[in-house]
Amino acid sequence: MLLHGFSVALSGLNVFLVFIGVFLGTIIGMLPGIGPINAIAILFPIVLQFELTPASALIFFAGIFYGSQYGNSISSILLNVPGTSSAAVTCIDGNPLAKQGRAGSALAMSAVASFSGGVLSIFLLVLFAPLLSKLAIDFGPAEYFVLMVCAFTALTSFSHGSFIKAVFSAILGLAIATVGIDELSFGGMRRFTFGVEELGDGIDFIVVVIGVFAISEVFLFLSDMSSGAVQKVAPLKSVLLSLKELKDSVAGILRSCVTGFLVGVLPGAGATIASFLAYNTEKKMAGDKGNFGKGDLRGVAAPESANNSSAVGSFIPLLVLGVPGSETTAVMLAALITLGVTPGPTMLTDQPDMFWGVAASMFIGNMVLIVLNLPLVKLLAKILLVPRWILMPLIAILSIVGVYVLNGSEFDLLLMLIFGVIGFIMRKTDFPLAPLILGLVLGGLIEVNFRRALTYSYGEFSTFYDSPITIGLWLITLFSLVAPFAIRKLKNRSQ
Amino acid sequence: MLILSIAFCISALSLDADFDPVNEKFYPFVLSVLLILSSIALFIFPSDHSTTWPNARNLQKIALTATAILIYGFVLQQLGFIISASILMAICMWVFEAKQKWIAPVSIASTIGFYVVFDRLLGLNLPAGLLNTLIQ
């Protein structure tokens, strides 16, 4: 099966896409303000324009995603500024190393750890995904509905910050998804369009994503701006590692890879939690012998291995169950839906090309990345010198171009701006954005499956809890609701 | 926020349909009830997060950027992409405190760059506007 995947991934176009994807991803990961989510949203119109197959599109997006995990570490180590939150842990030991003049070793270690974490987790993906998909064959609309509810609860209860805020954010996303013509009703009922013609087709997820992430990022930068702040890039000499340094880190890389993968599979947890967990484990295991916090290479290896393997792990819920667990995979799912893929638990059996192609392309992508990151890292690091006053305006222009070319509508620009302001306020007041995006993307599916299930059962609500699968899923939902509270209680008691 | 959720609930209820779970009215209604509940819950259990709002100067900058994007949307068709985006880019650069001498060349060059890549190479249409005869 994997061989078949390689035959998909090795076609000329797909190799090209992997290459471009990981290259762009590395740069995007390095730069602040433009994460993989923005990149995927802005590039989506181009993917549509070239009529890529769903498999090729996903290969491209996946490349951007895990490529950005590599790029992240470069800015963490050299600037002490993580490109995204998942690389924040890499700063702890990465930047002290750079200050000691060992930036090269830190970068080399991060590249090696990212690579090993990435490749090992692909093996885990190939191993576990088909097993999981066997469980998912008997899914009807009712089961799929409950599965999505389950994903939501897990996401909201595991996301950091206030639980109520996360719930509010998720439901707001679901509500935005109800705008437009209702597909199921007879004749197509218009809902919440307030007489505005342009809202008839609903609100495009790209418009919301770019507004809420990219435009609000520009606003956030402005709101925290103070004049005269100049950033220093640590000097970079040779990018080399000694054999001993490698040997010391191997065990940590392996452990962190498994941790990262498992955390990645969970909805809501993602790369940030994975890298924190991995770092803390290694720190505890090293004990007094470690130099953690002051510049230990193992402190770079652990989070880098973990965040790459969690990126791979997060593809399991997406590809096997058709339910994304993070904002990035949610945007990917929305893109796949637009490209005509029916998401759901049969995706792996219906679209074997996609799953195996993506898995195989990840091997290729990681090869490209290690080549990019070891010899070329000095060149790439130059990109960090791009000043903010050029970068942020460029992000603004890219966003408006991306939104405009999607439908060629000025109204979308207005919507994007509104969502930019909403996103800015939400981020300022600590409302998590991931549930909003998940709600927006899954909103249509949830409603369709909910109503379809009720239609099949002639309006009987018992259809949602009378099969063993639904009961099992409800139990998992309950568990994910209770678990974070229980863990907090236990922690408090032990202290 | 509570007001917003109640408004959503009322507009869900005013949808012209039978109140039947299978119909298009029930599901938004459930959502609106949940929204109201979570807004009330936020009032009862306020989170301990303290928000630092931007100072007046930065708030002005944000307002200026937002207005610039808004106006861009209105003039895009008439002026065309290159002119309106250059102006927008220039405003953004000014807001981000770019050096004066860089603003004009960088904003014009980058906009033309975007136009060539998106319109010409990728075939995604961007309005030509005033420069129509010049660049077609």
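The values are calculated or read from the model by the stated rules, or taken from the named source; none is laboratory data. This structure is a prediction, so every number in the text was calculated from the model and none was measured. Note that each Cβ is placed from the backbone with ideal geometry, even for glycine, and that neighbours are counted across all protein chains shown. With ligands, DNA and RNA removed, areas are computed over all heavy atoms of the protein, side chains included. Shrake-Rupley method; radii C 1.70, N 1.55, O 1.52, S 1.80 Å.
Structure values in brief
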read-out: Filter result (within 9 Å of chain A (Cβ to nearest Cβ) and in contact (Cβ under 8 Å) with a residue 24 or more places away in the chain) within segment B:69-99; value: B:76, B:77, B:81, B:85, B:91, B:92, B:95
read-out: Single residue of segment A:80-135 satisfying the filter (part of a loop (DSSP other than H, G, I, E, B) and farther than 19 Å from residue A:256 by Cβ) that is least open to solvent (accessible area, probe 1.4 Å); value: A:83
read-out: Test: residue in segment A:52-68 that is surrounded by fewer than 23 Cβ atoms within 10 Å (Cβ to Cβ), closer than 23 Å to residue A:211 by Cα and under 21 Å from the mean Cα position of the chain (by Cα); value: no
read-out: Filtered residue count, segment B:55-67, keeping only those that are more than 7 Å from chain A (Cβ to nearest Cβ) and either on the phi > 0 side of the Ramachandran plot or under 11 Å from the mean Cα position of the chain (by Cα) (or both); value: 1
read-out: Residue within segment A:402-412 that is more than 11 Å from chain B (Cβ to nearest Cβ), in contact (Cβ under 8 Å) with a residue 60 or more places away in the chain, within 22 Å of the chain's Cα centre (by Cα) and in a helix (DSSP H, G or I) present; value: no
read-out: Residue in segment B:19-37 that is buried (at least 20 other Cβ atoms within 10 Å of the Cβ), within 9 Å of chain A (Cβ to nearest Cβ), modelled with pLDDT of 65 or more and not in a helix (DSSP H, G or I) present; value: no
read-out: Extreme residue, farthest from residue A:419 (Cα to Cα), among residues of segment B:57-110 that are crowded, with 20+ Cβ neighbours inside 10 Å and of a type in the set (S, T, N, Q); value: B:107
read-out: All positions within segment A:417-426 that are in contact with a Phe, Trp or Tyr (Cβ under 9 Å, 6 or more places away or on another chain), touching a residue at least 40 places away in the same chain (Cβ under 8 Å) and within 11 Å of chain B (Cβ to nearest Cβ); value: A:420, A:421, A:424
read-out: Some residue of segment A:193-210 being within 12 Å of chain B (Cβ to nearest Cβ), modelled with pLDDT under 85 and open to solvent by less than 40 Å² (accessible area, probe 1.4 Å); value: yes
read-out: Residue in segment A:6-15 that is open to solvent by 20 Å² or more (accessible area, probe 1.4 Å), over 21 Å from residue A:352 (Cβ atoms) and touching a residue at least 12 places away in the same chain (Cβ under 8 Å) present; value: no
read-out: Residue ID - surrounded by the fewest Cβ atoms within 10 Å (Cβ to Cβ), chosen from residues in segment A:298-329 that are under 24 Å from residue A:71 (Cβ atoms) and β-branched (Val, Ile, Thr); value: A:316
read-out: Single condition residue A:341 does not satisfy, out of (1) over 30 Å from residue A:48 (Cβ atoms); (2) modelled with pLDDT under 85; (3) surrounded by fewer than 21 Cβ atoms within 10 Å (Cβ to Cβ); (4) β-branched (Val, Ile, Thr); value: (1)
read-out: Segment A:390-400 - residue that is free of Cβ contacts under 8 Å to residues at least 12 places away in the same chain and out of contact with any helix residue (DSSP H, G or I) (no Cβ under 6 Å at 6 or more places or on another chain) and, of those, surrounded by the most Cβ atoms within 10 Å (Cβ to Cβ); value: A:394
read-out: Segment A:363-386, residues that are in contact with a helix residue (DSSP H, G or I) (Cβ under 9 Å, 6 or more places away or on another chain) and without any contact (Cβ under 8 Å) to a residue 24 or more places away in the chain; value: A:367
read-out: Any hit, segment A:441-454, residues being among the small types (Gly, Ala, Ser), in contact with a helix residue (DSSP H, G or I) (Cβ under 9 Å, 6 or more places away or on another chain) and at the interface with chain B (Cβ under 7 Å from one of its Cβ atoms); value: no
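For every residue, the table says whether it meets (1) over 18 Å from residue A:28 (Cα atoms); (2) open to solvent by less than 10 Å² (accessible area, probe 1.4 Å); (3) of a type in the set (A, V, I, L, M).
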{"site": "A:331", "(1), (2), (3)": "no, yes, yes"}
{"site": "A:336", "(1), (2), (3)": "yes, yes, yes"}
{"site": "A:355", "(1), (2), (3)": "yes, yes, no"}
{"site": "A:383", "(1), (2), (3)": "no, no, yes"}
{"site": "A:405", "(1), (2), (3)": "yes, no, yes"}
